Amino acid sequence: MYRRSVLTAASDIEVLARFGRALADPIRCQLLLALRDAPAYPSDLADKIGVSRTRLSNHLACLRDCGLVVTVPDGRRTRYELADRRLGHALDDLRTAVVAVETDRTCADADDKGCC
């Protein structure tokens with residue numbers, strides 16, 4: 001019997017957790033910011049960010065699993081883009097909010113719970 005995969009709307013908590021998981025890695029942050037500017041091909045993203053294609057592939061898979069990026073077939077190539085253009089606005093809002101953090105303090109300097 002053939003089963004179709006059905007996309008479901010994630011709960012608010014799940015959406016925030018997925019977004020947080022994606023932003024937990026600097027390479028994924030760079031990818032999201034690059035894709036905020038424009039859709040791109042993996043080889044171009046790897047060159048722009050300065051990582052190997054294998055490493056980039058793993059990070060793109062994570063972003064796909066989190067539901068933040070989608071693939072778009074383009075002939076023999078596959079292009080990546082944000083799953084929703086509002087994610088670009090959310091990234092801008094988060095980036096602006098983080099600017100208010102003390103620049104001379106790192107997460108390692110924070111309390112013993114490791115909270116930034």
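Readers should treat all values here as calculations from the given coordinates under stated rules, not as data from a laboratory. Because the structure is a prediction, the values reported are computed rather than measured. Don't worry about glycine lacking a Cβ; one is built from the backbone with ideal geometry, like all the others, and counts go over all protein chains shown.
Of the peptides 78-85, 26-33, 50-57, the ranking by mean beta-carbon count within 10 Å, highest at the top, reads 26-33, 78-85, 50-57. Take ARG95 and THR78, extend 7 Å from each Cα along the Cα→Cβ direction, and tell me the distance between the two endpoints in nm. About 2.6 nm separates the two model spin labels. Amide H to amide H, with H built 1.01 Å from N, ARG79 comes under 5 Å of VAL72, ASP74, counting only residues 5 or more places away or on other chains.
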